[in-house]
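For reference, the structure is listed below as structure tokens.
The values are calculated or read from the model by the stated rules, or taken from the named source; none is laboratory data. Owing to the predicted nature of the structure, the values given are computational and were not obtained by experimental measurement. Positions of Cβ are backbone-derived with ideal geometry, glycine not excepted, and every protein chain shown enters the neighbour counts. Calculation scope for accessible area: heavy atoms of the full protein, side chains included, ligands and nucleic acids excluded. Shrake-Rupley method; radii C 1.70, N 1.55, O 1.52, S 1.80 Å.
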Amino acid sequence: MNVSNAETWLHRINPSLKLGVLIVLCIVALFIHDLNYMMNITIGVLLLFLFFTGHSIKRILLLSIPFCFIFISTSSAMILFGQGKTLWFEWGLISITEESFMRGLLVGFRALFFAALGLTFSLTTRPVNLFYSLMQQVKLKPKYAYSFMAALRLIPIMMEEFQTIRNAMKVRGFEGKGIRSVYFKMKAYSIPLLSGSIRRAHRIAVAMEAKRFTDTRDRTYFYEFGFSKKDHGFILYFIILLLAGFYLSIQFPLVSI
């Protein structure tokens with residue numbers, strides 16, 4: 001989860017509350033089978049993603065490329081090979097019907113909805129803040145929360161070590177090809193990375209034991225998280241989105257079904 005360029009009100013939402021609300025929305029979306037309703041709430045989530053994540057439009061569009069591919073791939077699979085009664089086009093194994101087209105769009109918008117929620121959360125939530133909030137609001141045990149944070153901080157260290165090993169192999173002139181070369185590279189990379197990770201994990205575990213992370217007493221926290229009016233506004237936004245999306249899907253449908 002990355003830190004965005006500029007903070008917006010979404011960054012100041014309680015991370016545990018944000019995670020819980022988005023999980024509930026994902027569950028609700030699984031039970032929505034009306035295409036117009038799904039399109040309306042997806043548009044509402046995309047507005048948050050485009051204008052309130054703190055990133056430039058250029059970077060947001062760049063991040064959206066994989067999710068556009070997901071939308072096209074998931075919807076086209078259902079559209080081209082689905083079943084239905086009203087046939088629009090048929091050629092070999094490809095059979096496009098009105099029903100398969102609508103179901104394909106529904107699946108595609110549902111995938112886009114999930115992607116927009118996940119990316120909005122990741123762009124507006126720091127991992128450290130999330131785990132601190134989980135410890136304070138959800139009562140997650142500190143030894144588990146700090147273990148996750150330590151694991152996240154090991155990732156850039158491992159990437160740096162990987163680059164060091166790669167540069168060392170280049171300096172020594174290793175340019176082999178073939179199956180034996182692939183096997184040697186796997187061994188040359190995996191063994192040092194694995195052994196280094198085990199040593200670091202052991203040191204972190206000893207440090208956590210020394211700092212009494214297994215103790216059951218109440219702990220103090222450097223970052224304190226609570227709830228504010230912005231959290232209420234966050235919940236209210238999605239309640240209004242669900243209600244308004246349902247109303248608009250009936251009164252002003254985007255697609256005639």
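Once all protein chains are placed together, PHE148 keeps about 120 Å² accessible to a 1.4 angstrom probe.
Can you compute the FRET efficiency between TYR183 and SER122 using 1/(1 + (r/R0)^6), with r the Cβ-Cβ distance and R0 = 45 Å? Round to the nearest 0.05. According to the calculation, E is roughly 0.80. For the pair the range 110-168 / the range 241-257, the C-alpha centres are spaced 37 Å from each other. Label positions at PHE222 and ALA244, each projected 7 Å from the Cα along the C-beta direction, are separated by 4.0 nm. With 23 Å as the limit, the listed pairs LYS18/LYS141; LYS143/LYS187; LYS18/LYS58 have LYS143/LYS187; LYS18/LYS58 beyond it between alpha carbons. Taking label positions 7 Å along the Cα-Cβ direction at both LYS170 and ALA201, the computed distance is 3.0 nm, reported to one decimal. Run the 1.4 Å probe and let me know the accessible area of LYS187, rounded to the nearest 10 Å². Spelled out: LYS187, probe radius 1.4 Å, area about 100 Å². Listed values for the range 13-25 are Karplus-derived 3J(HN,Hα) couplings in whole Hz (6.51 cos²θ - 1.76 cosθ + 1.60, θ = phi - 60°), namely 6, 4, x, 5, 5, 4, 5, x, 5, 5, 5, 4, 4, and x replaces Gly and Pro. Residue ranking by accessible heavy-atom surface, 1.4 Å probe, largest first, among LYS58, LYS230 comes out as LYS58, LYS230.
Could you compute the FRET efficiency for PHE52 and SER76, with r as their C-beta to C-beta distance and R0 at 30 Å, rounded to 0.05? Efficiency at R0 = 30 Å is approximately 0.50. In this simple spin-label approximation, PHE69 and TRP91 carry label points 7 Å from Cα along the Cα→Cβ vector, and these lie 2.5 nm apart.
Residue by residue, the range 57-72 carries 3J(HN,Hα) couplings of 4, 4, 5, 5, 5, 5, 5, 7, 4, x, 6, 5, 5, 4, 4, 5 Hz when phi is fed to the Karplus relation 6.51 cos²θ - 1.76 cosθ + 1.60 (θ = phi - 60°); x denotes Gly or Pro.
Find how much the distance from ILE27 to ILE157 grows on full extension, using 0.36 nm per residue of separation minus their present alpha carbon separation; answer in nm with one decimal.
Working: separation 130, 0.36 × 130 = 46.80 nm, distance 3.57 nm.
Working it through step by step, the gained length comes to 43.2 nm.
Computed from phi, the 3J(HN,Hα) profile of the range 191-205 under the Karplus parametrisation 6.51, -1.76, 1.60 (θ = phi - 60°) reads 5, x, 5, 5, 5, x, 5, 5, 5, 5, 4, 5, 5, 5, 4 Hz, with x in place of Gly and Pro. Ordered from highest to lowest accessible area with the whole protein assembly present and a 1.4 Å probe, VAL206, VAL107 read as VAL206, VAL107. Note on TYR247: accessible area approximately 130 square angstrom, rounded to 10, probe 1.4 Å, nucleic acids and ligands left out.
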